[in-house]
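Accompanying notes for the structure given below.
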Ligand SMILES: C[S@@+](CC[C@H](N)C(=O)[O-])C[C@H]1O[C@@H](n2cnc3c(N)ncnc32)[C@H](O)[C@@H]1O
């Protein structure tokens, strides 16, 4: 048998295979409570940690090793402790905890083995776009009159993929929104005392509305999402004492009536990539029509460089969209800028203020 000619490439090959293994090792450690047990009880050996987590020591040892290899745990002389990544983001109950994002960001796991079929045109086993229940051109929730004042129904939060995802991404997107809203205020584009009007389309748990309302005491937000998700926005704004300055517009952003050219800030936060090229362009045009003269439209996405060469976050999130939606994918900065220009807006900003989320802001002259 011919020996491998390029051992370095074999190392890269195993890196590919082990990406999956490392991910599931970290997920298992999160579910077993390993990170919380180490944060509370301090560094520990396998037997003690197994006792703290209620796991079989010999089985846990394997998973702890997987975490050490993945960079979430450190191991010295058989004693495991939290690596900085786990200490910052994997200890449940602490402010930076991203366990839900870890679980939901890849989309439904059952879609991944079918990716090649999906790329040939088959529907993914579980289309998370379809979970949304409405797309451009579909009847969806069209025709429902807008509900400007009444909050959406309270009760149990919906247990579907999108609801779980927007809960999971909220802390990360709130950091992006706070940074950009802060910049717009510092530039004098959003007046601190002015009655700023915000339209938050596909708001999720409404990180953008939160960022604007908490920063600008006279601002008001019109918050849109699908019926399964809008209660999460209401809960988030209510928990922060901001709901009194919010109104709700339940239904598809392709169909619900929108304000006509009188919003100071319109936000499309991580919604375009689910809609495909034509849907995203149409959504940008619809959102742009709501922007007042002098107002801005913000598009946030994980955007590709114009030569498609990177960044990896946009390339891989694009792959995730291909696995779990029928029309979703990824766009370049240039494509987004083209849609904004076609909608009559002038580019103000196109950068990555809080990596890896790109922010493109355009203004209505
Ligand atoms: C990835 S989340 C982004 C949430 C939020 N804008 C943010 O930046 O964190 C996408 C959101 O779009 C919503 N969405 C999907 N299709 C929609 C539609 N046709 N009309 C309104 N909202 C929709 C989803 O329910 C979800 O809340």
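Once you place label points 7 Å from the Cα toward the Cβ at residue 160 and residue 40, how far apart are they in nm?
Calculated label separation equals 3.5 nm.
Exposure proxy check: 117, 209 ranked by fewest other beta carbons within 10 Å? Provide the component values of the computation, followed by the final result.
Values: 117 12, 209 31.
With the sparsest Cβ surroundings first, the list reads 117, 209.
Does the stretch 182-301 come out rounded, prolate or oblate by the C-alpha gyration tensor, with a ≥ b ≥ c the root eigenvalues, rounded set by a/c under 1.5 and, if not, prolate when a/b is larger than b/c and oblate if not?
The shape class here is oblate.
Which residue fluctuates most in the GNM of the chain (Cα springs below 10 Å): 79, 166, 26?
Of the options given, 79 has the highest mean-square fluctuation.
Which FRET efficiency value, to the nearest 0.05, is calculated for residue 31 and residue 260 with the Förster distance at 41 angstrom and r the Cβ-Cβ distance?
Details: r = 49 Å, r/R0 = 1.18.
Computed FRET efficiency for residue 31 and residue 260: 0.25.
Find the relative contact order for the stretch 1-131 and round it to a whole percent, using C-alpha pairs within less than 8 Å whose residues are 6+ positions apart.
20
Once you've got the GNM for the chain with C-alpha springs shorter than 10 Å, pick whichever of 239, 285, 86 has the biggest mean-square fluctuation.
Answer for the Gaussian network model of the chain: 239.
Can you say what percent of the DSSP beta bridges in the chain, counting only those with both residues inside, are antiparallel? Round to 5. Don't skip to the end; give the middle numbers.
Details: 17 of 37 bridges.
Percentage antiparallel, nearest 5: 45.
I need 332, 72 ordered by Cβ neighbour count within 10 Å, fewest first.
Working: 332 17, 72 24.
Ranked by crowding around the Cβ, least crowded first: 332, 72.
How far, in nm, would the chain grow between residue 103 and residue 77 when pulled straight, counting 0.36 nm per residue and subtracting the alpha carbon separation?
6.3 nm
Roughly speaking, what is the stretch gain from residue 305 to residue 120, that is 0.36 nm per residue apart minus the C-alpha to C-alpha distance, in nm to one decimal?
Details: separation 185, 0.36 × 185 = 66.60 nm, distance 2.49 nm.
Fully extending the segment from residue 305 to residue 120 adds 64.1 nm.
Could you tell me the ratio Rg/Rh of the stretch 190-246? Both radii from Cα atoms, Rh via Kirkwood.
0.95
Any idea what the alpha-carbon Rg over 2.2 N^0.38 Å comes to for the stretch 7-97?
1.09
Let me know the shape class of the stretch 109-363, please: from the alpha-carbon gyration tensor, a ≥ b ≥ c as square roots of the eigenvalues, rounded when a/c is under 1.5, otherwise prolate if a/b is greater than b/c, or oblate.
oblate
Top mean-square fluctuation among 191, 99, 329, Gaussian network model of the chain, C-alpha springs under 10 Å?
Maximum among the listed residues: 191.
Averaged across orientations, what area in nm² does the convex hull of the alpha carbons in the stretch 237-311 project?
On the way: hull surface 27.7 nm².
Mean projected area of the Cα convex hull: 6.9 nm².
Given the rule -39500 (n - 2.57) for each run of at least 4 DSSP H residues, summed and divided by the residues of the chain, what is its mean residue ellipticity at 222 nm, to the nearest 500 deg cm²/dmol?
-13500 deg cm²/dmol, from helical runs alone.
Quick check: from the Cα gyration tensor, does the stretch 69-121 come out rounded (a/c under 1.5), prolate or oblate?
Oblate, because a/c is 1.5 or more while a/b does not exceed b/c.
Where a number appears in this text, it was derived from the coordinates with a stated rule and is not lab data. Every value quoted in this text rests on a predicted model; they were computed, and no experiment measured them. Virtual Cβ from ideal backbone geometry, glycine too; neighbours counted across all protein chains shown.
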